[in-house]
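Notes to accompany the following structure.
Rule-based calculations on the coordinates, nothing more; no lab input. Here the structure is a predicted model, which means the values were calculated and not measured. Don't worry about glycine lacking a Cβ; one is built from the backbone with ideal geometry, like all the others, and counts go over all protein chains shown.
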Amino acid sequence: MESQRRCSFSKDEYHKKVTDKTCCIHAEQRAIMDALSKNPTKLICSRLYFIRLDDKDNPSKAGEPYCTICSKMALDVGILEFVLWNDKGVCVYDTEEYNILSFQYGLEG
């Protein structure tokens, strides 16, 4: 919901228990919710593809696995694989591996 976006808010003042400091629902979350509303039994062992778009809607690399919010949701609904285009090419990750890599990414910074 547009009125609830908080992109311009400083995240520094959020309580430490607020783990998601993003401003909106992620594209992966929207895709999962949409798929669940239309095909609730067809997500088991499915594959989720993610690609970024630049300001001109051209595809750009997604980077490494880093989003634990999306990885946890994908695991919860039974998505088997997560696909990203990054510097290594098109990479297919088992969703459990994607989740582990996402948590590790958060520890690196």
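By other beta-carbon atoms within 10 Å, ranking PHE103, PHE82 with the fewest at the front produces PHE103, PHE82.
Taking a sphere under 14 Å around the Cβ of LEU80 and counting the other residues whose Cβ falls inside, with K and R at +1 and D and E at -1, yields a net charge of -3. How big is the antiparallel share of DSSP beta bridges in segment 25-108, given as a percent to the nearest 5? Once the DSSP bridges in segment 25-108 are tallied, antiparallel ones form about 65 percent. Taken along the Cα-to-beta-carbon direction at a fixed 7 Å, the label points for ASP57 and GLN104 span 3.7 nm. Ordered by the number of other Cβ atoms lying within 10 Å of each residue's own Cβ, fewest first, SER46, SER71 fall into the sequence SER46, SER71.
Each of MET73, MET33 was scored by other Cβ atoms within 10 Å of its Cβ. Arranged with the fewest first, they read MET33, MET73.
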